[in-house]
1. Given a 1.4 Å probe and heavy atoms of the protein chains only, how would you sort Ser1111, Ser262, Ser609, largest accessible area at the top?
2. Where does each of Lys193, Lys991, Lys438 land when they are ordered by accessible area, with a 1.4 Å probe and the largest first?
3. Which FRET efficiency value, to the nearest 0.05, is calculated for Glu12 and Lys234 with the Förster distance at 60 angstrom and r the Cβ-Cβ distance?
4. Quote the FRET efficiency, to the nearest 0.05, computed for Ser892 versus Leu975 with a Förster distance R0 of 22 Å and r equal to the Cβ-Cβ distance.
5. On full extension of the chain, what length is gained from Ser503 through Met1099, given 0.36 nm per residue of separation minus the C-alpha to C-alpha distance?
6. Go through Lys329/Lys434; Lys418/Lys438; Lys416/Lys438 and tell me which ones have a Cα-Cα distance over 23 Å in this structure.
7. For Leu558, project a label point 7 Å along Cα to C-beta. Then give me every residue of the stretch 481-511 with its amide nitrogen under 14 Å of that point.
8. Can you grab the distance from the C-alpha centre of the stretch 314-384 to the C-alpha centre of the stretch 996-1026, Å, no decimals?
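The values are calculated or read from the model by the stated rules, or taken from the named source; none is laboratory data. Predicted model, so just to flag it, every value in this text is computed and none were measured. So basically every Cβ, Gly included, is an ideal-geometry build from the backbone, and we count neighbours across all protein chains shown. Surface areas here come from the heavy atoms of the whole protein model, side chains and all, with no ligands, DNA or RNA. Shrake-Rupley method; radii C 1.70, N 1.55, O 1.52, S 1.80 Å.
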Amino acid sequence: MLQRPKPSDSEEDLLREQEQFLTRGALSAANVVRRPDKRRGEAGEGGGGEHNGEDEGRQKDVVTIEDLPDQLPSLTPAPPKKSRFKASRVTFEDEDAGERLDRHDTHISAVLSRIVVSAGCKASIILSLKIGNGKLCISGSVLHKVADFPSPRLVSGQGLGGPDSPGETMRIHKENQTRLQTMSRSEIIEEQKKLLSHLGCFCSLCVRLCVCVSVNSVKPQKDWVHMDKLEPEKLEWMRDLPAPRRKGTTKAMEGRFDFAGSLIPPTEDLPTHLGLHHHGDEPERAGYSLQELFLLSRSQIIQQRSLALSTLANIISKARAGEYHSILKGSVMSTLLDAGLLFLLRFALDDSVEGVMSAAVHALKALVVSAEDEECLDCTFSWFRGLAAFPLLPSAQEEQDEEDEGLEESLKETAKEKEERRSDHDVARQDVVKGLLKMKLLPRLRYILEVLRPSPRVVQGVLDILIRFARHSSLSATQVLDCPRLMETVMSEFLPTSWTATSSPHPQSVYGLPQASAMKLLRVLATSGRHACARLLNSLGVRERLCRLLSAELSELLLETTQALRITTEAYRLWAVAAAYGQASDLYLVLYPALVKALQSVQRALNPSDPLLPLQLQRVLALLSFLTQVTHTAGCHQELQAGMVSSQGEECPPPPPVSWGHVTGLQASLLGHLKGFVKSSNSSFVFLIKSFGSIILLFFCHTRSSSVLCNVQSSHQSPETTPSLPGLACPGWRDRPGLVVPSSPFPLLTSMGLLLQTITGIHKGLSCKVGRTEESARTATRGEIPIDVEVAKHASLYHQVALVLLSWLLPGSEMLFDILNFLFFPVSLRFCLLVCLPSSEGHSGGPEAIELGQLKLCEETQHRTSPSLQTVGALLREACVQLPSIRGCFLSQLAHLESSVLVSRDALLGHNPWINSHLLPELTGPTLPSDWPYLPLVSLYERTGLSDGGALTVEELPHGALQVVTHCLQWLLLLEVWREEALKVIPPVAKLARLSCVFLCSSDLFLERPVQKLTWGLFRLMTRPCRLDALDLNVPPPGLASFLDLYSALLAQYEAVSFGDWLFGCWLLLPLQRRYNVTMRLAVFGEHLGMLRSLGVTMEQLSIPIERFTSPPEDSLPLLRLYFRSLLTGTLKLCRCPILYVVALSHVNSFIFSQDAAAQVLHRIAKSRKILLVYKISLYLRKKSCASFKLYSCSF
């Protein structure tokens, strides 16, 4: 029996089956009958008519099937149509239908291909047809009388048959040239007309437009249908593109991008077949601008919308990587966000076309997700405190609401009410993630996952976007959890409890298969807080998923090896986060055999020749992280058990199911692996452990060195960031040196440091085994702690490390401050500072020897001595004795950090049941300000100093304020002398502004003898030549609008309560140096003339050279008038204000004897009043023998 043809049969199979059918002679399933043409009145078989003879010559085969009606039913009754051309056509039975179609084809390509030029034609027109991308392009060239063409410009010879088609082409070309040279211009024009007449009207018009004929020369003809009127502006697009702009242009041009997001240079001449040219404002330039992409993204054509969104996604990715930083002006990200990119993507996500929606998801992922940041966070998860992370919140910007001004606190709107009242645009402008959440993005993402069920790439993009939202803040993580059916969809579709194996490593759909990104989303959500973690474990079935994934071997998971490694790694990390809250500890008892088996196979899994070694290593590190956290939880069992007994009804966390006995069995296996790793490592590993102490200390002390640990500068482009979308700035982190690269020893150093800190904290006797001891420790007086000689040698280094670390502490590390304060404020440090520290820093003889170096400060520039004050060495010795009191003073100033220190202590010591969240506080900067040594002084000023309309009203100082200020000044003196590097982070103008609080806190605080002695010492250190050169008062101090405001307050305070104090006077004279702003000098001589009667500081008391006040000559005419007036009126006298008297005399003297016209006017005024001012100046200067002034002679 013959079978029906199959779709897979080839042409040979069909011919073979046809031959078998004809050979057998079987009856066919269909009969061939002759159907009459009723429109022509023809009869059927056996019928006659006048056309019978004609029909016999052109009978057709008609296939009929039984029970098939002759005519299809008509939906609407309509008369049958008749063709008037059918009868006039002659057809043959053996005629090919394709040839007949080609013969009757009237397309322009068919017409032009049949053009035949006679051999006797004396002019030739050469046409080149190029068909590409479904479009026909015609280009031609009318050859005039040209002397030489080396080769045909348009003829390629592809249409010529034979092996020597290029040679034939050249022969035709030479023949054409020869004929053209023998023809006159009139003959050429005549031949052109003949050729054009053969082409027809339409072809003639195309040739005229596409060749070198001008558009304006086209004359419309009457027989053109709807083309009797010529419109040249509509034919402009057919002109040739202008040449690109030449190189070296200085004119700014709009950036244009290709479809991959790369910036196209303005001089790049790209071919048109790439699809980058369009009819915009600059048709000669390839590429699309951002404005054009925005326009295309809202097009009605689906392909244009998808292409525009995909191009925007590529541009965003390259912009975030910093590829446009050096070649474009301005920020691409800021430009896109200001133009409304968020709203554009949000609208595109609602598109009904899946392709447009997918492109919008990719663009949104490129905007909010940084793959490098996520990879960096995954690499640091196994570090000490690595599972804790900062929320990716923008920096807080407090805005004053004018509507709430003057209202009571109870009537003011809350922050939540203000947030709800703000528009989407205002919210998105400050915080992109918060703006997207306000636009109801989460329900749309849930709809895409649940209903649309997109491709794997779109699913991965949606999960990455949800992970970024969960990292934003705990509030955003809660919104992700609370979104209806979102997490249920993720759990059921991408974290099922059962699934079937796939035959392909890249399946067409990931629904019903476990996804590592979904597990990572759960882990990030659990990091936001213990309540979120409990919801995941108890309400969403995470416990069952953990048991399903971690109880079986990798080969039993029915997943591809790479995917199995990734998802089990994320499962261990999620379990570690839960164990860090003291939760899911019961699963440890259930899965203990699987954990032991996985731990025993660590050496086998970490095979150096395994191509999946990085993934295997991440899985082992995740396993060790979980075991670390469950050990911490087990260590709290006894304490919580005792707490429940003694709580007496008070709230207390229940003890965890695991105790210390459940985890002690892991010690032998872990120690065996550690010994194996050390033995298998090379000698550099052992050397690294031995040199741990020096490396870590040098790392923290020499922060600007070229060490591989801290040198993060490289040639990689700096990533482009926006304030509303913060990130970790990690693009390219693997290609540049830093702390997170795989070759960095920083994880080992932190682990070793934690190990040594733990060992030495167990018992003080173990510290002798950690460090090598050669001599017995010396014991300081007054029962101080014994100090090892080796420790005493490096006391200075330890102290510098503590000072550097203190200013680096971020929120969440407050417990380290409690540890560090024992390092730079210990009782034993008194012994180090008094005996060891001076000798180690190049001094001998105790702190008094410091004064020998300080006495040379003024001798280098002037031959006079400073005031007979208490020596700096004696002040340093007294400050060393007061170190315990200084420590208590600063601890009292940091009392507000007590709650943060307790929270940080629980996280540092592993008190997991008391930890509420592993999401660290918002990162607004270091925990302590950079000017923390001035904190007691600034706090006292904020409590007592009240500014009221420019005048300063000072309240009574609180009890103990004098002691607090004294201790603060003592600590500052210690740092200025011995730890100058620690204060380099504070600008000199900020130091001057903070110390000015001594004079503004009270009316008599600066008159107290301890405060005055210490302030004099700091002033002497501040006015050294190198310090004076670095002091720039034109820069606003941190926290102040300008230094002038502070100086005005100082002037008012001096006039009110100074009593002519020399220290206060020197403080006010410092900003009056010639190189500083003239506004401060105008304020003294214009608004505060009264202070000139009591500013009796002499040049011997001032430690600043007088040349800094008198050179160069003053050029401010208003100030010179004030100088001159104060001298004429007698307000400024030598006996009352000698410094400013000399300064005014010097500048007036220089100005009067200058060649300026205004000076001559002033000179005539002085002469008319018969005031021998110039004589007084010369007399005074000769009397003082001051070589810094120029002497002039004058005659009146």
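1. Solvent-accessible surface, decreasing: Ser609, Ser1111, Ser262.
2. Lys193, Lys438, Lys991
3. Once rounded, the FRET efficiency stands at 0.65.
4. Step by step, r from the Cβ atoms, then E = 0.70.
5. Computed gain between Ser503 and Met1099 is 205.2 nm.
6. Lys329/Lys434
7. 495-504, 511
8. 54 Å
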